[in-house]
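Colleague: For reference, the structure I am asking about is given below.
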């Protein structure tokens, strides 16, 4: 079977990871954001305070649903119960999926879009896990795990 | 014309060019082929024009395999099982006709191309649009929507159409009644197919009525069209010349019984923004008197790559979750669903949660799958006898681990597809390491028991549906399917019947 290609219904920017710390902070922002807050808008206003997970948790709403799923994931992968490790794994996947001529990721919104694209790519490429019966993107599950770690920090 | 065997005097002999046993969709369709021609047809119906309890009871039998209702899954009166048909209409896929090295006993004697013209005609019979089962642009235009793109390479949309559903006796009965050359005989239970001493030629049919009358039918050609279970039974019962049964010189009659296992609750899909999923992908749409919806089916490429059996899925809205009403904490399913809808919302919706009255919906999933042809899955004769003194059916329906694993993989594909759509997340209730549950439903699809193959050692009938070794006996219906695919069998059995009609027209002219 040919490798499936992404359909063009949604356009996401190609990305290039240049600053691990920047990405990490955005991932923290992303993962700890409330499901009640639209992520792109949130990501646009997040970077300056991204290194303050506790502050994020207090200001971006209730991430409890994501955290519950994240806790379930961490119960199956206790070795990943670490913010640095989780962000590193997600960053690695982002790097793998970046195209050779990709533009640099500068804006938080672009990274948010890149993460959405990555999650979708996971489904297309069968890079998924079974979490309590849910078929979930590996990246998505780690984002929930990150939310759980931060939520319980 | 219509006559009733109960009204005939004892030992009446009816004569015709063509005797058709069974007035269900296949029998009626075949008889219609000859309406108004010089060919004299005798169409034998065991029941009446409407259902009768004592007649229906003749379908009772013994189950020794997966529990299966022998009486509720078919109807013994004029129009046959079309009288409770749901109307699901779709042809088999081209791959279903192929010999697949991962599917034992697979391969039809011809490709789908052989059936295409008959499929077109069969669509007219059941009042659906021909040639629209894979036509995405057509349905996009009809619905005015752009369909989501299937991105994984595993699945594709196909379009199931719904017949009104056509009740064959109501739709075509008067046509048969008015045809001078067609006799429809009610309450005519065929109890034996008699043959010449060599068993190479059928010489007649023995008829019994429930009030004890006996009659005979004599014809030049005979067609058995009593359904996928009863066709095998009739051949096995006709055992005076060959004790193993007519056409059963290689112990194939009754073997390879196949159903389309239907597994309810194989998964649940949560969707945050229902508008992202076109209506046709979740419910039946109607236009110009027709109706259809999308089936989520595997691609031929994926079936080949992964060596899987065919399957089909459909989804429908089961329940909605309001944003302002938390689920009952005791309702585990609702808690799981709403947690996922909240957690994954950013992937699944453009609507701000506070602006959404509905948090999301969950979609129930219906699935039907192909099973491998399995000689151990079979119809044989019970020691119990019915009111006519005939041995009842003994059904041993079996499924294999291969059937199960294949279905699980396809359900997994459906989960991937909804993730890739950015429309939903799926809870998969099947595990590959498990096996079939004790209770499995079928689709009332009885297939394979008189399978078609050019080699008499591998099939009961040849490519023209003629019983191997018998010059003038044919079988119509889904019992001749060598493999089942995942599509509902009605359209294909009608196409095969029309093809048989063309063959017999030449033979009888």
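Colleague: Mind listing just one residue for me: the one in the stretch B:350-366 that is within 13 Å of chain A (Cβ to nearest Cβ) and modelled with pLDDT of 90 or more and, of those, nearest to residue B:323 (Cα to Cα)?
Modeller: B:359
Colleague: Residue pairs, Cβ under 6 Å, 6 or more apart or interchain, first in the stretch B:487-508 and on the phi > 0 side of the Ramachandran plot, second modelled with pLDDT of 95 or more. List them.
Modeller: As it stands, the answer is none, since no pair meets every condition given.
Colleague: Looking at B:438, B:432, can you tell me which residue is in a loop (DSSP other than H, G, I, E, B), within 13 Å of another protein chain (Cβ to nearest Cβ) and surrounded by fewer than 22 Cβ atoms within 10 Å (Cβ to Cβ)? Show your work before the answer.
Modeller: Numbers: B:438 fails: within 13 Å of another protein chain (Cβ to nearest Cβ).
Going through B:438, B:432 in turn, just one is in a loop (DSSP other than H, G, I, E, B), within 13 Å of another protein chain (Cβ to nearest Cβ) and surrounded by fewer than 22 Cβ atoms within 10 Å (Cβ to Cβ): B:432.
Colleague: From (1) within 27 Å of residue A:64 (Cβ to Cβ); (2) within 14 Å of another protein chain (Cβ to nearest Cβ), pick out the condition that doesn't hold for residue B:265.
Modeller: (1)
Colleague: Another one. Does at least one position in the stretch B:273-283 carry a residue that is in a strand (DSSP E or B) and under 29 Å from residue B:343 (Cα atoms)? Walk me through it before giving the result.
Modeller: Here is the first cut: in the stretch B:273-283, the ones in a strand (DSSP E or B) are none.
No, every residue in the stretch B:273-283 fails to be in a strand (DSSP E or B) and under 29 Å from residue B:343 (Cα atoms).
Colleague: Turning to a different aspect of this structure: Which residues, counting only those in the stretch B:125-166, are assigned to a helix (DSSP H, G or I), in contact with a strand residue (DSSP E or B) (Cβ under 7 Å, 6 or more places away or on another chain) and more than 14 Å from chain A (Cβ to nearest Cβ)?
Modeller: Passing the criteria: B:139, B:142, B:143.
Colleague: Give, as residue ranges, the strands (runs of 3 or more DSSP E) completely inside the stretch B:350-407 that count at least 3 residues that are buried (at least 23 other Cβ atoms within 10 Å of the Cβ).
Modeller: Once the strands (runs of 3 or more DSSP E) in the stretch B:350-407 are filtered for at least 3 residues that are buried (at least 23 other Cβ atoms within 10 Å of the Cβ), what remains is B:358-369.
Colleague: Another one. Looking at the stretch B:325-349, which of its residues are more than 8 Å from chain A (Cβ to nearest Cβ), in contact (Cβ under 8 Å) with a residue 24 or more places away in the chain and surrounded by fewer than 21 Cβ atoms within 10 Å (Cβ to Cβ)?
Modeller: Answer for the stretch B:325-349, where residues must be more than 8 Å from chain A (Cβ to nearest Cβ), in contact (Cβ under 8 Å) with a residue 24 or more places away in the chain and surrounded by fewer than 21 Cβ atoms within 10 Å (Cβ to Cβ): just B:333.
Colleague: Considering only the stretch B:462-509, state which residues are within 18 Å of the chain's Cα centre (by Cα) and assigned to a loop (DSSP other than H, G, I, E, B).
Modeller: B:465, B:476, B:477, B:481, B:482, B:483, B:484, B:485, B:486, B:487, B:488, B:489
Colleague: Then there's this: If I filter the stretch B:400-419 for residues that are away from chain A (no Cβ under 14 Å), at pLDDT 95 or above, more than 22 Å from the chain's Cα centre (by Cα) and more than 27 Å from residue B:484 (Cα to Cα), do I get at least one hit?
Modeller: No, the stretch B:400-419 contains no residue that is away from chain A (no Cβ under 14 Å), at pLDDT 95 or above, more than 22 Å from the chain's Cα centre (by Cα) and more than 27 Å from residue B:484 (Cα to Cα).
Colleague: On to the next question. Please go through the stretch B:430-450 and pick out each residue that is within 15 Å of residue B:395 (Cβ to Cβ) and over 20 Å from the mean Cα position of the chain (by Cα).
Modeller: Once the filter is applied, which keeps residues that are within 15 Å of residue B:395 (Cβ to Cβ) and over 20 Å from the mean Cα position of the chain (by Cα), the stretch B:430-450 yields nothing.
Colleague: Give the number of residues within the stretch B:268-305 that are within 12 Å of another protein chain (Cβ to nearest Cβ), touching a helix residue (DSSP H, G or I) at 6+ places or on another chain (Cβ under 7 Å) and surrounded by fewer than 16 Cβ atoms within 10 Å (Cβ to Cβ).
Modeller: Counting residues in the stretch B:268-305 that are within 12 Å of another protein chain (Cβ to nearest Cβ), touching a helix residue (DSSP H, G or I) at 6+ places or on another chain (Cβ under 7 Å) and surrounded by fewer than 16 Cβ atoms within 10 Å (Cβ to Cβ) gives 1.
Colleague: Can you name the condition, by its number, that residue B:253 falls short on among (1) surrounded by fewer than 18 Cβ atoms within 10 Å (Cβ to Cβ); (2) in a loop (DSSP other than H, G, I, E, B)?
Modeller: (1)
Colleague: While we're here: Determine whether residue B:400 is without any contact (Cβ under 8 Å) to a residue 60 or more places away in the chain and within 25 Å of residue B:379 (Cα to Cα).
Modeller: Against the criterion (without any contact (Cβ under 8 Å) to a residue 60 or more places away in the chain and within 25 Å of residue B:379 (Cα to Cα)), residue B:400 qualifies.
Colleague: A further question on this structure: Looking only at the stretch B:205-214, decide whether some residue is out of contact with any helix residue (DSSP H, G or I) (no Cβ under 8 Å at 6 or more places or on another chain), free of Cβ contacts under 8 Å to residues at least 24 places away in the same chain and under 23 Å from residue B:31 (Cβ atoms).
Modeller: Yes: the stretch B:205-214 contains one or more residues that are out of contact with any helix residue (DSSP H, G or I) (no Cβ under 8 Å at 6 or more places or on another chain), free of Cβ contacts under 8 Å to residues at least 24 places away in the same chain and under 23 Å from residue B:31 (Cβ atoms).
The values are calculated or read from the model by the stated rules, or taken from the named source; none is laboratory data. The structure presented is a predicted model; accordingly, all values stated were derived computationally and were not measured. Using ideal geometry, Cβ is built from the backbone for each residue, glycine included, and neighbour counts are taken over all protein chains shown.
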